[in-house]
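Nothing in this text is a laboratory measurement; each read-out follows from the coordinates by a stated rule. Keep in mind the model is a prediction, meaning the values are calculated, not measured. Every residue, glycine as well, gets a Cβ built from its backbone with ideal geometry; the counts of neighbours run over all protein chains shown.
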Amino acid sequence: MTWTPVCDYDAMLPERGVCALVGDVQVAVFRTYDGALHALANRDPFSGAYVLSRGIVGTRKGEPTVASPLHKQVFSLVSGRCLDEDAVTVPVYPVRVAGGCVEVSV
Amino acid sequence: MNRIVVVGYGPAAHRFVETLADKGFDGRITVIGEEPRPAYDRVALTSYLSGTSAEDLTYPVPGGVVTRLNTRATGIDRQAGHVVTGDGAEPYDVLVLATGSAPFVPPVPGAEHAYVYRTIEDLDAIRVAAKDAAEGVVVGGGLLGLEAADALRALGLKAHIVEMSPWLMPRQVDEGGGSVLKSHIEELGLSVHAGAGVQEIVTDGKGRVTGLRKPDGTVVDAQVVVFSAGIRPRDELARSAGLAVGERGGIVVDSAMRTSDPAIYAVGECALAGGMIYGLVGPCNTMAEVAAEQIMGGRAAFDGADLSTKLKLLGVEVAQFGAMDGALDVTYMDPVAGVYKKLFISDDARTLLGGICVGDASPYTTLRPFVGKPLPAPPSDLLFTGSGAANLDLPDDAQVCSCNNVCAGDIRTAIAGSGAADVAGIKACTRAGTTCGSCVPMLKQLLEKSGVEVSKSLCEHFTYSRAELFDIVRVRKIGTFSQLITEHGQGRGCDICKPAVASILASLHNGHVLEGERAALQDTNDAFLANIQKNGTYSVVPRIPGGEITPDKLIVIGEVARDFGLYTKITGGQRIDLFGARVEQLPEIWRRLVDAGFESGHAYGKALRTVKSCVGSTWCRYGVQDSVGMAIALELRYRGLRSPHKIKSAVSGCARECAEARSKDFGIIATEQGWNLYVGGNGGFRPRHADLLAKDLSTDELIRTIDRFLMFYIRTADRLQRTAAWIESLDGGLDYLREVIMQDSLGLCADLDAQMEHHIATYADEWQATLDDPDKLSRFVSFVNAPGVPDPSIVFGSERGQIRPAVAR
């Protein structure tokens, strides 16, 4: 498993996302209020635009989520599943902190 | 049966063709009308004098209907089956007469100098006559007469009312109610001459009206005389065609609205149904619907109508429902408050027969549906305001909306069956509440009782409405979302509550929207201070106050657009939108714009957008005030003000209204004396003309009123509720709004003023502040691990010499 550094963990605002370019894959990385990290594909499957990292982070019935900034469909940060449309899922990637640096694996 | 011809184009004709269209009639419909415009709302006619335009009052012509306006039908050839007009013949298979009525003008000397109160042209004539007059008299103290008297008063005249009966509104109220009504009206400065007739209209040697002589010889001084002494059905066409007419006029119809010729129907005020002429909008609409249904093969019938009325005349509520007498009656009278309420009851004291209200019409709303049914509570309880009356359960067959004949059962079906979840939903399903609106409180009650929980919770994280959250944040001085959700909510928020709370915090504290924790609450538009587009790029709109711009600044915008390759388009709000910027380009673009003196236009925010203007009195030969100067002043005053939804405005320099101010949340139209302020306009999905809030304001009054209007809206509106919907949702509507922000009925105004002062004093351009802050700037990157790399997914094609979004491979 190869890990790619994204940015310093401290540089990530709680409840906001950033986007990392790993090869030609765009990864949206989010830090939730409890300090946990999640990584999803940045592509919004509904519009085809690469924007999920810019969505609003929150919770739905306790599950951490992000809402697409274009048409507000909500995705689970844990499973990548769209909570508004069952059939739609976005890829989820492993993410970790190593030496104060956030890293993802694609 | 392919050709239907309607003669007459008033409200009944409109309802008839509208019903046909709704029912899918696919033949040819022709409407012949002698007035120069299609049917208009006569119930709201008086509002024409206070600024509502003829266009606003006019009903839309249903698709496919052919109209022949300015055309008078002169005869009916029943043998040939056509209507004769000045232009020729209009053949019909079915003919519908909706010729309406004419005001009755008694044949007294001088009557030719008097006016009547029925059409827009009548009102135009009265307005002109009032210009040179000091006093006016209305003959007839009925519903329409009082409205005409109010109109004269509004035109600046001292108004008199002459009524033949011993008291006013004899068809709606009894003597006791009449005397309470009279004192209300006299308090407003109108003179009431009850129990008096007209002997002649007095004129001077030059034929100018100087007064009205009563039978006792005394003269009421007046330069304008308006007759409103009843109506006469327009049956002359039917009469000359040999159709049966009543002894005292009116075209005789059966319960199917058919005349003595089965191919000809009559509806509205010209029809004599069951021996009665109906002059109220409700029954006339029902007749039109019955005729339409019959023609389409249905079985509807008109069996008389409820003549109950509720209205607010000269600020006084008057209502009558059911019978006007009974074996027993119970009266509540408070001469100090000017309230009179009476119920009529059967001799066994069990059945409600009817009622009369003056000064407080609440029993009308709660009790009218119980007419002919067992009394729901002891009469004394029912007559005292605030007693059990509001909690009565309506039987299913109780009529709630008399204008559109909708019963409680129909409304319950709409709620349970069709899922109507609010008043707007019920209106759409049933038409209840769409004509006079007096039953809207009842609709709300039915909704509440239906068990449909009308949840006011913002989302799963807060059980409060936006307005309640606003008060919590304000009163408890809460500064962060985390504090609010920990103390008053649950979970960690979502895309609904976070931007709503961000907006509340911005309205109350006015700090930078990207400061600290607030950065994580913003929608992407506010997060990047630009408008996201479908391909993930953003557009940039610098503020151009009032739409005024120097050539130098215009050139800067052009240069920036050219240098960054941005698609450029003029907006509807007199600004320039630059599309196709990637997030990392936004700071560079704004550095150039800020250096040239531009500020954020907040096109991305739920905030004040633009104040459009026409060119105004500085250049325009018609302008009466400096609309550009006013628009700039207003835009600079309210720039950056965050609100429940976007706010748009415009200022027109004269009544020609080139700035389209009446389609805005607040619109200003210059007058010779000052400014007229309109509120609650909307373009968009559901267009709505703004309502006149106040007339002829000075500049200071105008600004103070707008300050309070905006702040009251920001405090109390729902999330994403534009001012149009907000005003419609206010209990008491525009009158209530006036009371709160102009008469300070809630004692809020000082607070609202202070809040606006705070906003103005603390405004700072948020783009300038962002450029000055390396921390905020660092977020403007496509890739946090490769800040210089542009997003490879963003590619453009070209169209008409500019870029357009394309799909990445």
Sequence order, the range B:621-633: Karplus ³J(HN,Hα) from phi using 6.51 cos²θ - 1.76 cosθ + 1.60, θ = phi - 60°, Hz rounded, Gly and Pro as x, gives 6, 9, x, 10, 9, 7, 5, 5, x, 5, 4, 5, 4
In degrees rounded to 10, the 0-90 angle between helix B:466-475 Cα long axis and the longest Cα principal axis of chain B is 60
Expressed in angstrom and rounded, the centroid-to-centroid distance over alpha carbons for the range B:17-85 and the range B:106-177 is 27
With +1 at each Lys and Arg Cβ and -1 at each Asp and Glu Cβ, the charge dipole magnitude of the protein assembly as shown around its Cα centre, to the nearest 20 debye, comes out at 1620
The FRET efficiency for B:THR699 and B:GLN533, from their Cβ-Cβ distance with R0 = 35 Å and rounded to 0.05, is 0.35
Partner shielding of B:498-507, as the mean number of partner chain Cβ atoms within 10 Å, equals 1
Charge dipole of the protein assembly as shown built from unit charges on the beta carbon (Lys, Arg +1; Asp, Glu -1), centred at mean Cα; most positive-end Cα among B:VAL128, B:TYR40, B:TYR278 is B:TYR40
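How much of the DSSP bridge set in chain B is antiparallel, in percent, rounded to the nearest 5? Before the final figure, lay out the partial values.
Values: 75 of 117 bridges.
The antiparallel proportion sits near 65 percent.
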So, relative contact order of chain A in percent, Cα under 8 Å, 6 or more apart, is 27
Note on the range B:531-762: C-alpha Rg/Rh, Kirkwood Rh, two decimals, gives 0.99
Given backbone amide H placed at 1.01 Å from N, residues whose amide H is under 5 Å from that of B:ARG72, ignoring those fewer than 5 places away on the same chain, are B:GLY86
Long-range alpha-carbon pairs in the range A:4-104, meaning those over 23 Å apart, account in percent for 17
Toy charge model, Lys and Arg Cβ at +1, Asp and Glu Cβ at -1: chain A dipole around Cα centroid in debye, rounded to 20, equals 120
Calc'd 3J(HN,Hα), the range B:103-115, phi into Karplus 6.51 cos²θ - 1.76 cosθ + 1.60 (θ = phi - 60°), Hz, glycine/Pro = x, comes to x, 7, 10, x, x, 9, x, x, 4, 5, 8, 8, 10
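Within 10 Å of each Cβ of B:774-786, how many other protein chain Cβ atoms are there on average?
Taking all residues of B:774-786 together, the mean is 4.
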Of the candidates B:ALA659, B:ALA327, B:ILE549, the farthest towards the positive dipole end of chain B (Lys/Arg Cβ +1, Asp/Glu Cβ -1, centred on the Cα centre) is B:ILE549
Mean Cβ-within-10 Å packing, highest first, puts peptides B:47-59, B:773-785, B:28-40, B:597-609 in the order B:597-609, B:28-40, B:773-785, B:47-59
Gyration tensor on Cα atoms of the range B:585-638, a ≥ b ≥ c root eigenvalues, a/c under 1.5 rounded, else prolate if a/b beats b/c, else oblate, says prolate
PRE zone check, label point 7 Å out along Cα-to-Cβ of B:LEU328, amide N under 11 Å, scope the range B:352-375, hits B:352, B:375
Highest mean packing first, using Cβ neighbours within 10 angstrom, the peptides B:312-318, B:800-806, B:357-363 sort as B:357-363, B:312-318, B:800-806
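Out of all Cα-Cα pairs in the range B:47-179, roughly what percent, to the nearest whole number, are more than 24 Å apart?
Values: 4422 of 8778 pairs.
The proportion of pairs with Cα distances above 24 Å equals 50 percent.
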In whole angstrom, the spacing between the Cα centers of the range B:194-233 and the range B:584-661 equals 53
The long-range amide H neighbours of B:LYS158, using H built 1.01 Å from N in the peptide plane and a cut-off of under 5 Å, are B:GLU135, B:GLY136
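State the extension gain, in nm to one decimal, for the chain segment bounded by B:ASP595 and B:VAL615, taking 0.36 nm per residue of separation less the distance between their alpha-carbons.
Numbers: separation 20, 0.36 × 20 = 7.20 nm, distance 2.76 nm.
Difference between extended and current length: 4.4 nm.
Where the only charges are on Cβ atoms (+1 Lys, Arg; -1 Asp, Glu), what is the dipole of chain B about its Cα centre, to the nearest 20 debye?
Details: 81 positive and 99 negative charges, 349 e Å.
My answer is approximately 1680 debye.
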Length gained, B:ASP775-B:ASP753, 0.36 nm per residue minus C-alpha separation, equals 4.5 nm
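Based on a Kirkwood Rh over C-alpha pairs, give the Stokes-Einstein translational diffusion coefficient of chain B at 10 °C and viscosity 1.306 mPa s in µm²/s.
Details: Rh = 30.3 Å.
After rounding, the answer is 52 µm²/s.
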Distance in Å, no decimals, from the C-alpha centre of the range B:678-737 to the one of the range B:458-515 is 24
With Rh as the Kirkwood radius over Cα pairs, the range B:111-229 has Rg/Rh of 0.95
With x for Gly and Pro, the residue-by-residue ³J(HN,Hα) of the range B:62-75, computed from phi through the Karplus equation 6.51 cos²θ - 1.76 cosθ + 1.60 at θ = phi - 60° and given in whole Hz, is x, x, x, 7, 8, 10, 10, 7, 6, 10, 9, 7, 10, x
Chain B: relative contact order from alpha carbon pairs under 8 Å, six or more residues apart, as a whole percent, is 7
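Sorted by packing (mean other beta-carbon atoms within 10 Å per residue), highest first, where do B:7-15, B:142-150 land? Mind showing how you got there, number by number?
On the way: B:7-15: 27.1, B:142-150: 23.9.
Going by the mean number of other Cβ atoms within 10 Å, highest first, we get B:7-15, B:142-150.
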Note: the protein assembly as shown at 10 °C, 1.306 mPa s; Kirkwood Rh on alpha carbon pairs; Stokes-Einstein D in µm²/s works out to 50
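Across the residues of A:11-22, average count of Cβ atoms on other protein chains within 10 Å? Don't jump to the answer; show the numbers that get you there.
Values: counts 4, 1, 5, 5, 9, 6, 2, 5, 8, 4, 8, 3.
What the average comes to for A:11-22 is 5.
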Bounding extents of the range B:393-454 in its principal axis frame from Cα atoms, largest first in Å, are 27, 22, 18
Place a point 7 Å from the Cα of B:SER255 in the direction of its beta carbon; the residues of the range B:401-434 whose amide N falls under 17 Å from it are none
Which residues qualify? For B:TYR265, with a placed amide H closer than 5 Å and at least 5 residues away or on another chain, they are B:LEU95, B:VAL96, B:LEU97, B:THR259
